[in-house]
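Okay, so here's the structure we're looking at.
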Amino acid sequence: MFEVDWSLNVGQQWNNESLINHLNPEIDLFTSLAKETSKTRKNETFRRCPAHTDFMKNTYVLRSPMDLNLEISIQDEGKKVYSENLNQEWFDLIVDTRFLEDGEKGQSDYPVLGLDFLCSFMVKESILLQVFPAFMHYNDFTSKTTVIPGEFDIFKWVRPVELVFECKNPVTKINIKKGDALSYFKFQTDEVVKVNKSSIPWKEIAICDKLRADNPWKPLKERYNSYQEIKDNDKNI
């Protein structure tokens, strides 16, 4: 069995867990996709296909810890991102609009936003984590956005995974309900993965944050090596 320590935080404030503690959602926010589809797609033929069952192994669903309504209008005459159920303080902490700024925005018909529902992981040996859109769930978020996929080794690099997504329409309203599926996390191993709710690894995150800040576009392999060097010199990590 491969054990993974998982934690969720809301907002980018350093060493601050007040928002997620304030929300205190009474639902499980990180659940097995295979177990869920065994109930929601009961007796479907594709569920017996080994290609499908192998893919579904060790894949987890991230769910929203809160209700969140977004109104988005990205046009030549101006940019607007608004939430009717967040005050300005919470909006600034949760909704990441940096991808709309001139220094970040590329040439695309699909505006990019981030939500700071931040998943962190700690493991005792190397394992690849992959992030996907929640393509087997149907809600307002999944129908109007596409989560940006990615992968990295969560033993060799410890940073929170931000929910970054494209909007399929530059003018849209997205209504997220508490418990809605937002994205999938797949752990690449043949072992059975057991996920344990844990505390946030702030010390490790701080090290990786600094390494990233020093060179934001440094290749992952080089980041892994830099992080390992620091761990080798600090036995408390």
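The values are calculated or read from the model by the stated rules, or taken from the named source; none is laboratory data. Bear in mind that the values here come from a model prediction, so they are computed numbers and not experimental data. With ideal geometry, Cβ positions are generated from the backbone for all residues, glycine too; neighbour counts draw on all protein chains shown.
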**Output for the stretch 207-237, where each listed residue is of a type in the set (A, V, I, L, M) and either assigned to a loop (DSSP other than H, G, I, E, B) or free of Cβ contacts under 8 Å to residues at least 12 places away in the same chain (or both)** = ALA213, ILE237
**Message:** Cβ-Cβ distance below 8 Å, separation of 6 or more or different chains: which pairs start in the stretch 56-85 with a residue that is closer than 30 Å to PHE46 by Cβ and end on one that is assigned to a loop (DSSP other than H, G, I, E, B) and polar (S, T, N, Q)?
**Reply:** ASN58/THR189
**Prompt:** Which number in (1) assigned to a strand (DSSP E or B); (2) surrounded by fewer than 17 Cβ atoms within 10 Å (Cβ to Cβ) marks the one condition that PHE121 misses?
**Reply:** (2)
**Prompt:** Among the residues of the stretch 97-118, is there at least one that is in contact with a Ser or Thr (Cβ under 6 Å, 6 or more places away or on another chain), surrounded by fewer than 16 Cβ atoms within 10 Å (Cβ to Cβ) and free of Cβ contacts under 8 Å to residues at least 40 places away in the same chain?
**Reply:** no
**Request:** For the stretch 184-200, enumerate the residues that are among the polar types (S, T, N, Q) and under 14 Å from SER126 (Cα atoms).
**Result:** GLN188, THR189
**Fill in**
Checked LYS156, LYS235, LYS186 against criteria (modelled with pLDDT under 95 and farther than 18 Å from VAL95 by Cα); the one match is LYS235
**Message:** If the requirement is being within 30 Å of LEU68 (Cα to Cα) and of a type outside the set (A, V, I, L, M, F, W, C), which of these qualifies: ARG212, ARG223?
**Reply:** ARG212
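So that you can scan it fast, the table gives a plain yes or no per residue for (1) under 19 Å from PHE30 (Cα atoms); (2) of a type outside the set (D, E, K, R); (3) crowded, with 16+ Cβ neighbours inside 10 Å:
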position	(1), (2), (3)
LEU128	yes, yes, no
TRP157	no, yes, yes
VAL164	yes, yes, yes
ILE205	no, yes, yes
ARG223	no, no, yes
GLN228	no, yes, no
